[in-house]
Amino acid sequence: MKKLLLASLVSASLFGATAAQAEDYVIDTDGAHAFVQFKISHLGYSWLLGRFNDFEGNFSYDESNPENASVSVTIDTASIDSNHAERDKHLRSDDFLDVEEFPEASFESTSYKPNGDGTGTLMGKFTLHGVTKDISIDVKEIGSGQDPWGGFRRGFEGGVTLTLADYGIDYDLGPASRDVEIFLSIEGIRQ
Amino acid sequence: MIRDNQRSYGWATIGIHWLTALVVVALFALGYWMLTLSYYDPWYRLGPWWHKSVGILLLALTVARVVWRAANKKPELIGSRFEQIGAHLGHLLLYVLLLLTMVSGYLISTADGRGISVFDWFEVPALITSIPAQEDLAGEVHWYSALALVILAGGHSLMALKHHFLDKQNTLKRMLKPQK
């Protein structure tokens, strides 16, 4: 009886704690359940798709106070992968990302505006090629819950369009290829 | 006259030597120039196509050259013991840089498993694709070894001119035409 009481007290306090404060999540890059992808027009005729393979980050999210959500992500710029070695080498060079000079890109959120329908806008500072700009990412909550292995996961997707010249990347790929669309698929494991 | 002998090089070695000299200078210039081209330049794609096609053929020629060299008598070296050792080391380094430049170039383009097309005539398959950051590492090696190669080749030419004009030896002549 004592044991049962103790167990229910402990569980009550645990549940109380999780409900009252923000939950911290680590983005599941180890299991590769998170993606930083980009899409840019090729000559205006088709899309070129690629991604950054190495990045890490975390976020905190409280279902009862979603406006307090925050995100922090660091991307290894040299991990760019467009499925073509010669092109990736060019993209890493000082014509584009200049990964020797700027090995990291990063995003630090400053605020989050939930729309109340599972979508929202995440504002923050994005640093690329040594230039920091305020950006707003359109966010959509995908889902959350227990995973089959005893953990708790939560996932979002996000999208933002960046103009390369804003970040000092001015190699001329043609008039149709000045903007790059970023697609983020982020799954976090609750700590 | 085709084969080398103790007095002079034969036509095969002479031909390969000067063809290599021409191609190395041309590939270096083309490689340097093509990196400056804009995305919309017609040579943005043609430059690398020529560079890689010719490079692969030069690699094949160089392998054949090493075999030919081993199968022939070597003309006797001229000069002091010190000069002979210097010449040997210099020539060895030329071969090493030549092969290093071409192999590293091959490793850039084949890093993702794509082969290299030679004039759309045949394709050399990718063999090694798992070196970490392969295209970047091979790219660094390719640039520095190519640069070292043309600098050393410049020194090689200066030494040939020195032996010809200052020392009045037939070092250069026997690489121009088989000597009797």
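The numbers here are math on the coordinates, done by the rules we state, and not lab data. All of these numbers come straight from a predicted model, not from anything done at the bench. Note that each Cβ is placed from the backbone with ideal geometry, even for glycine, and that neighbours are counted across all protein chains shown.
Per Stokes-Einstein, at 4 °C and 1.567 mPa s, what whole-number D in µm² s⁻¹ belongs to the range B:29-70, with the Kirkwood radius over Cα pairs as the hydrodynamic radius? Estimated via Stokes-Einstein, D reaches 112 µm²/s. Assuming a ≥ b ≥ c are the square roots of the Cα gyration tensor eigenvalues, decide whether the range A:47-174 counts as rounded (a/c under 1.5), prolate (otherwise, with a/b larger than b/c) or oblate. Note, shape of the range A:47-174 comes out prolate.
By its C-alpha gyration tensor, with a ≥ b ≥ c as the square roots of the eigenvalues, how is the range A:91-144 shaped: rounded for a/c under 1.5, else prolate for a/b larger than b/c, else oblate? It comes out prolate by the Cα gyration axes.
Just to confirm a number: summing +1 for Lys and Arg and -1 for Asp and Glu over residues other than B:ASN5 whose beta-carbon lies under 13 angstrom from that of B:ASN5, what do you get?
+4
Per residue, chain B reaches -21500 deg cm²/dmol at 222 nm when only DSSP H runs of four or more residues are counted, each adding -39500 (n - 2.57). Computed over neighbours whose Cβ is under 15 Å from that of A:LYS125, the net charge equals -3, Lys and Arg +1, Asp and Glu -1.
Go ahead and estimate [θ] at 222 nm for chain A from helices alone: -39,500 (n - 2.57) per DSSP H run with n ≥ 4, summed, over the residue count, rounded to 500. Please list the in-between numbers first.
Details: 2 runs with 27 residues, N = 191.
Rounded to the nearest 500, the figure is -4500 deg cm²/dmol.
Our summary gives chain B a relative contact order of 27 percent, counting only alpha carbon pairs under 8 angstrom and 6 or more residues apart. Give, as a single signed number, the net charge of other residues whose beta carbon lies under 15 Å from the beta carbon of A:GLU157, with Lys and Arg counted +1 and Asp and Glu -1. The answer is -1.
Give B:LYS74/B:LYS180; B:LYS73/B:LYS180; A:LYS89/B:LYS52; B:LYS74/B:LYS168; B:LYS74/B:LYS162; A:LYS89/A:LYS125 a once-over and call out the pairs whose C-alpha atoms are over 19 Å from each other. Beyond 19 Å between Cα atoms: B:LYS74/B:LYS168; B:LYS74/B:LYS162; A:LYS89/A:LYS125.
Average 1/r across all pairs of distinct alpha carbons in the range B:96-160, invert it, and you get the Kirkwood radius: 12.8 Å.
Each 10 Å bin from zero holds the following percent of Cα-Cα pairs in the protein assembly as shown: 4, 18, 21, 17, 13, 11, 8, 5, 3, 1, 0, 0. How large is the translational diffusion coefficient of the range B:11-175 in µm² per second when you combine the Kirkwood radius over alpha carbon pairs with Stokes-Einstein at 4 °C and 1.567 mPa s? Here the translational diffusion coefficient equals 74 µm²/s. Its Cα gyration tensor gives the range A:53-98 an equivalent ellipsoid. The semi-axes, each the square root of 5 times an eigenvalue, are 34, 10, 7 Å from largest down.
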